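To start, the structure under review is shown below, and the notes come after it.
The values are calculated or read from the model by the stated rules, or taken from the named source; none is laboratory data. In this text the structure is predicted, and so the values were computed from the model without any measurement. Please note: Cβ atoms are built from the backbone with ideal geometry, for glycine as well, and neighbour counts cover all protein chains shown. The accessibility values were calculated without ligands, DNA or RNA, using every heavy atom of the protein model including side chains. Shrake-Rupley method; radii C 1.70, N 1.55, O 1.52, S 1.80 Å.
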Amino acid sequence: MMGTLSRSMEELIQIIRFIYSSKIFYNSYGYQGYGIYHIRFEIAKKEEKKAKKDHGEFYRRYYNMHIATIFSYATILLPGYLIYKYVQYSKYIQRSDKSCIPRLVHSCFLGHSETGLLDTSSYTPTSTSQRTFTQDFMLLTYCFLGLQISYLTWGYLQEKIMTQVYEDSSGNQDRFEDSQFLVFINRILAFFMSALYLLIQKQPQHKAPLYKYVFCSLSNIMSSWCQYEALKYVSFPTQVLAKASKIIPVMIMGKIISHTTYEYYEYVTAILISIGMTMFMLNSSDYKNDGATTISGIILLGSYLLLDSFTSTWQNALFVEYGTTSIQMMCAVNMFSCLLTVTSLIQQSSFPFIYSFMKKYPRFIMDCLLISICSASGQLYIFYTISKFGPITFVIMMTIRQGLAILLSCLIYHHEIKMIGILGILLVFGSVFLRIHCNNVTRAIKRRRTAVNSVKN
């Protein structure tokens, strides 16, 4: 009731201002010709022109920022490419010099170094003893709770930082809009944690050339940037459900990069996920009044899905080809991500603004610290869970996490979801679980066939 009264008062004030600033107030015949509805129409036209102007300035600003970011990354990638070409044509690696720089160049462009940056020469595989049911249950509970707490807290803080207003003691309010800085703080702590883990826990010899991590590192930071930026245009539940639909672009990237073949049920579940996602997007009411905003959100979500799918496909290729461990992958990818993002932030003079924002809104510092800790610990829990229970158990845990994240976001930030949206959510998650079940059945059938063939032979 109070909200309706407030809007009516604002509209009345706008009408009075319009009358005093026009000929209506001074010409009585003009007032008779206009009428109150015509006044409202003129106000609406002014607001529409202002909105179009604001949209144009907004897109121009973002276009310039994207160009600046790309040039910043190029200042690292282009010299690296030129060095690679020089090393290739000059046969620098074939020299017998064993000093620090030639060994570093060898690790960067060829790999298979005797003492690599990410391995331990005295590594010996540890034997794993058979766990009891109780130990399995306790370990699974630990992994489940660790993943849920880390990523649910991370999702809450992500939505809070990108969508909520910070307020200082004087009542001044402002939003934080530099998504690239959030990517940087997530990556730098993850890099230090993985590097520390490599120092404590011995690893097998690292064989992959370091430059091959640059491709998935670049796609990783760009996908994270799109993920943060999308929250300015779509609701967090929409973004989470889009992540559950990542199977579709993963299949596309698998076809393009690895020429992977898929089963019929995989295509069926991908279509069902697409239908469920469409139902949820049609239901979304948070941003439906702004067509430009909705299109921007969809473009950013689509870019996130494609880039993230490329990242996972490229990383999987490195796992298969070079036998890279998960912690080595985490350390190398985050190392290049930190290098790229910090270079871009320095060149765009972002740190002075970020420092002043932190000084003005101290609560933002705690949010940044917490989201960085949650992101880094979440990555460690991912690798640990996969190593102990395999990818299927991990996918089930993360699917449950996505459902809980949607529920938590709706409860805290009051997102409205209608019946068609609920049906879309159920269809997406039902399709994901159906896919997991079919994968298990297919693997079991293949194992039985292999066992039968081995017995026959």
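Assorted remarks:
- Cut-off 15 Å between beta-carbons: net charge of the residues surrounding Phe176, Lys and Arg +1, Asp and Glu -1: -2
- Accessible area of Tyr265 in the full protein assembly, 1.4 Å probe (Å², nearest 10): 50 Å²
- Computed from backbone phi with θ = phi - 60° and the Karplus coefficients 6.51, -1.76 and 1.60, the 3J(HN,Hα) list for segment 333-346 is 5, 5, 4, 5, 5, 5, 4, 5, 5, 5, 5, 5, 5, 5 Hz; x is used for glycine and proline.
- Across Thr163, Thr311, the residue with the most accessible area heads the list, and the full order at a 1.4 Å probe is Thr163, Thr311.
- Cα convex hull of segment 323-456, projected area averaged across orientations, nm²: 13.2 nm²
- Label positions at Leu407 and Ile295, each projected 7 Å from the Cα along the C-beta direction, are separated by 3.8 nm.
- Taking Glu263, Glu321 and ordering them by how much accessible surface each has at a 1.4 Å probe, largest first, produces Glu321, Glu263.
- Once the Cα-Cα distance is subtracted from the 0.36 nm per residue extended length, the Phe133 to Tyr84 segment shows a gain of 12.5 nm.
- The phi-based Karplus calculation (6.51 cos²θ - 1.76 cosθ + 1.60; θ = phi - 60°) puts the 3J(HN,Hα) values of segment 367-372 at 5, 5, 5, 5, 5, 5 Hz, whole numbers, x for Gly and Pro.
- Of Lys255/Lys418; Lys243/Lys446; Lys212/Lys388; Lys243/Lys418, pairs whose Cα-Cα distance is over 32 Å: Lys255/Lys418
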